[in-house]
Amino acid sequence: MIFAIVIVHKGEIVRPFLESLSEARRQGGPVTAVAIGDGDNSVAGTLGRYGADEVLVVEPKLPDWNLEAYGSAVAELVEKHKPSAIFMPATVHGRDLGGWLGARLKVGVAADVTSLSTDGSGSIKAKRPMYSGKVVGEVAFSADRPQIVLLRPNIFPLLAESEKRDAKVTSVTVTVPATAGRVKLLRTEVPQTETVELTQARVIVSGGRGLQGPENYHLVQDLAKVLNAATGATRMIVDLGWVDHSLQVGQTGKVVTPDLYIALGISGAIQHLVGMQTAKCIVAVNKDPDAPIFKIADYGIVGDVFQIAPMLTEAFRKRATVSV
Ligand code: FAD
């Protein structure tokens, strides 16, 4: 049996958890979703639709992220149900929880997995980028169970609607250790942004130093707006103070896997590429035909970003108007 961990926050489940649940289903059943956070039994419908045979709804509710409380809860359920594997997304929380559980249960963790397969005995082999994406390693687990797999968001497709099943739902009460109270969440500050969050965006428009100044970053924002996309940036323009660090894509920024990544005036340094090279389609605009970004781009436009970006924005705006 595979455990798919699903964090429910304010009654909602973000897509990466549904992707890892869907992938658990594709690896063969049975699949038990562990719904932890503040969700009630009503989440079972959604989780059944994405592949769960059974949903364990964790009590007490844990509305705020607390690693020790979440980790102890999952560890307790692992002891009881003995899953062969635990799937969750390689998001900030997934990475935290996966590492904690690996140490607590003394088992291996395959982080940032981009593809995987399971043999007849339930042993998993997983592929994951290593050394800043320079190589793809294939990892296997020792005989210890469970095998903890953290799946890179936006790589694994959601289950088709036709796979829908009715999940059995069970409330399970776990013990929250008193020591979890050592960490208190005082407040959450959500960045004020008009666009979609980077790591969950299906389309991203990013800008680099080719924009020549912060006053021109609106070229990125204008195009993003018509595409309903998130905006991103290179570290160079973050360090120059043009945009906030929360927009940085790359080795020391965010790793993203959108369907479409449009790079405007970005050279394509390796530290940037590791953050976006698994995008399904990459479009680059750069005036230098030898810019490294063109080596990984699906579509390359050699030209001046000040001409090309407004043309793209206008073309997509017209298209959007026609299709409405
Ligand atoms: P540049 O490399 O200066 O490229 C600008 C590009 O714009 C050029 O290719 C140029 O031809 C083009 N251009 C100029 N004018 C125009 C125009 N008018 N029209 C069209 N194109 C034009 N970088 C990241 O992005 N993310 C990271 O997480 C990251 N982490 C790092 C970690 C470490 C340890 C180190 C050492 C570096 C890291 N970097 C990171 C920095 C990285 O090495 C590059 O310096 C950076 O990505 C370059 O940003 P850029 O493409 O905006 O600038």
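The table below lists the values:
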item	result
Dipole of the chain [Lys/Arg +1, Asp/Glu -1 at C-beta], most positive-end residue of Ser142, Ala297, Thr234	Ser142
Using alpha-carbon coordinates, inclination of helix 15-26 to the longest axis of the chain, degrees	60 degrees
Ranked list, fewest to most other Cβ atoms within 10 Å of each Cβ, for Tyr217, Tyr50, Tyr131	Tyr131, Tyr217, Tyr50
Longest exposed-site-free window of the chain, the sites being GluC sites (Glu not before Pro) in a DSSP loop that have at most 14 other C-beta atoms within 10 Å	1-188
Cut-off 10 Å between beta-carbons: net charge of the residues surrounding Glu138, Lys and Arg +1, Asp and Glu -1	+3
Net charge of neighbours whose Cβ lies under 9 Å from the Cβ of Asp259, counting Lys and Arg as +1 and Asp and Glu as -1	+2
Where trypsin sites (Lys or Arg not before Pro) in DSSP loops with at most 15 other Cβ within 10 Å are excluded, longest remaining stretch of the chain	188-279
Kirkwood hydrodynamic radius of the chain, Cα pairs, Å	21.1 Å
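Taken together, the values in this text are just the output of simple stated rules run on the coordinates, not laboratory data. These numbers were taken from a predicted model, which means no experiment stands behind them. Positions of Cβ are generated from backbone atoms using ideal geometry, with glycine treated the same way; all protein chains shown enter the neighbour counts.
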